[in-house]
Amino acid sequence: MNKEKDIVVLGIESSCDETAAAVVVNGRDVRSNVISSQIALHTLYGGVVPEIASRKHIEKINQVIEEALTEAGMTLDDMDAIAVTYGPGLVGALLVGVAEAKAISYAKNIPLVGVHHIEGHISANYIENKDLEPPFLCLVVSGGHTHLVKVQDYGKYEILGRTRDDAAGEAFDKVARAIGLGYPGGPKIEKISHEGNPHAVEFPRAKIADDPYDFSFSGLKSAVLNYLNGCKMKNIEIVPADVAASFQQAVTDTLIEHAVRAIDEFKMDKFAIAGGVASNATLREGMRKACEERGVAFYHPSPIFCTDNAAMIGVAGYYEYLAGTRSGLDLNAVPNLKLGER
């Protein structure tokens with residue numbers, strides 16, 4: 001691409017407890033990706049406290065954007081568009097990013113592009129996999145979302161299945177808390193699982209009769225809590241590593257089973273995973289094997305692009321910008337935004 005035609009996007013992400021900004025050129029070239037995490041702060045409370053998250057975003061957002069521009073060697077005058085997450089997420093947290101993006105857009109007269117958070121996660125796969133183009137299937141697994149999506153084209157999605165209750169990442173957090181590991185649950189359960197037996201406890205794998213692609217993890221979470229309570233009542237020793245490994249196996253089996261069903265039904269030759277839980281090594285390895293057995297190309301982002309970040313928002317924003325998507329200064333935070341809605 002000629003230098004004159006380069007499209008430079010500033011991505012802003014503040015949907016939960018990461019304040020992030022990134023500069024992305026032509027949708028695949030990440031020039032900077034700055035993330036200010038609040039994990040240490042929220043660990044004190046055993047989970048994300050929305051009010052604290054919002055206040056912290058306000059403190060950090062200008063600094064994070066300045067750092068992203070400096071790292072990329074650019075200024076706001078070099079930007080062709082400002083892409084910002086406007087949903088789904090915590091409403092107060094989202095509002096900080098949206099207000100910031102609107103202020104920059106207005107002050108500098110730069111087009112504003114509102115981006116769906118899940119579209120961002122899916123788009124994270126484009127950063128390191130330069131050959132990946134739609135159509136493909138994508139499993140999005142994070143703290144707030146579990147979606148099985150058919151990516152028909154850039155910005156065009158068909159949701160095949162979604163969670164009916166707890167998201168997979170949410171279940172990880174709740175089970176981690178129950179076995180005394182603390183927050184954040186995903187990485188802690190994965191770490192201790194290496195020392196445990198994944199078949200020590202056979203926890204249930206939920207199936208939903210009327211929609212084989214939908215997920216449900218609240219029953220599994222309840223089964224773990226019942227098992228722990230039962231052990232305490234009967235004075236049976238609880239081995240946290242075995243409980244963690246068995247729970248992780250149950251989640252992974254369910255996710256892979258749904259993915260394989262979709263691969264077989266839709267005859268897709270490309271499969272990607274995305275979202276915070278997509279950095280889980282057991283899930284990655286299981287998906288890689290399942291894809292390999294079927295001759296399907298398997299894609300996943302590096303862990304830094306799995307958790308919430310602004311590079312993925314810049315990438316999604318680039319493709320929305322190319323498609324002519326523009327948001328007005330009336331853009332608002334939409335905490336329950338559905339994928340495919342605008």
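The values are calculated or read from the model by the stated rules, or taken from the named source; none is laboratory data. Note that the coordinates shown come from a computational prediction; the quantities given were computed from them, not determined experimentally. Ideal geometry is used to build each Cβ from the backbone, glycine not excepted, and the neighbour counts take in all protein chains shown.
A compact table of results
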read-out: Within region 284-340, considering residues that are β-branched (Val, Ile, Thr) and under 30 Å from Asp80 (Cβ atoms), the one surrounded by the fewest Cβ atoms within 10 Å (Cβ to Cβ); value: Ile304
read-out: Filter result for Ala272 (of a type in the set (Gly, Ala, Ser) and surrounded by 17 or more Cβ atoms within 10 Å (Cβ to Cβ)); value: yes
read-out: Breaking point among (1) closer than 22 Å to Val115 by Cα; (2) not in a helix (DSSP H, G or I), for Ala316; value: (2)
read-out: Options Gly328, Gly314: the member that is in the same structural domain as Ile82 (by TED's automatic domain parsing) and at negative phi; value: Gly314
read-out: Options Val96, Val113; residue that is β-branched (Val, Ile, Thr) and in a strand (DSSP E or B); value: Val113
read-out: Options Ala103, Ala68: the member that is crowded, with 22+ Cβ neighbours inside 10 Å and either over 30 Å from Val149 (Cβ atoms) or modelled with pLDDT of 95 or more (or both); value: Ala68
read-out: Test for Ile61: is it assigned by TED's automatic domain parsing to the domain that holds Glu13, crowded, with 24+ Cβ neighbours inside 10 Å and in contact (Cβ under 8 Å) with a residue 24 or more places away in the chain; value: no
read-out: Flag if Lys191 is surrounded by fewer than 22 Cβ atoms within 10 Å (Cβ to Cβ), free of Cβ contacts under 8 Å to residues at least 24 places away in the same chain and of a type outside the set (Gly, Ala, Ser); value: yes
read-out: Among residues of region 269-327, those that are touching a Lys or Arg at 6+ places or on another chain (Cβ under 8 Å) and under 23 Å from Ala168 (Cα atoms), counted; value: 5
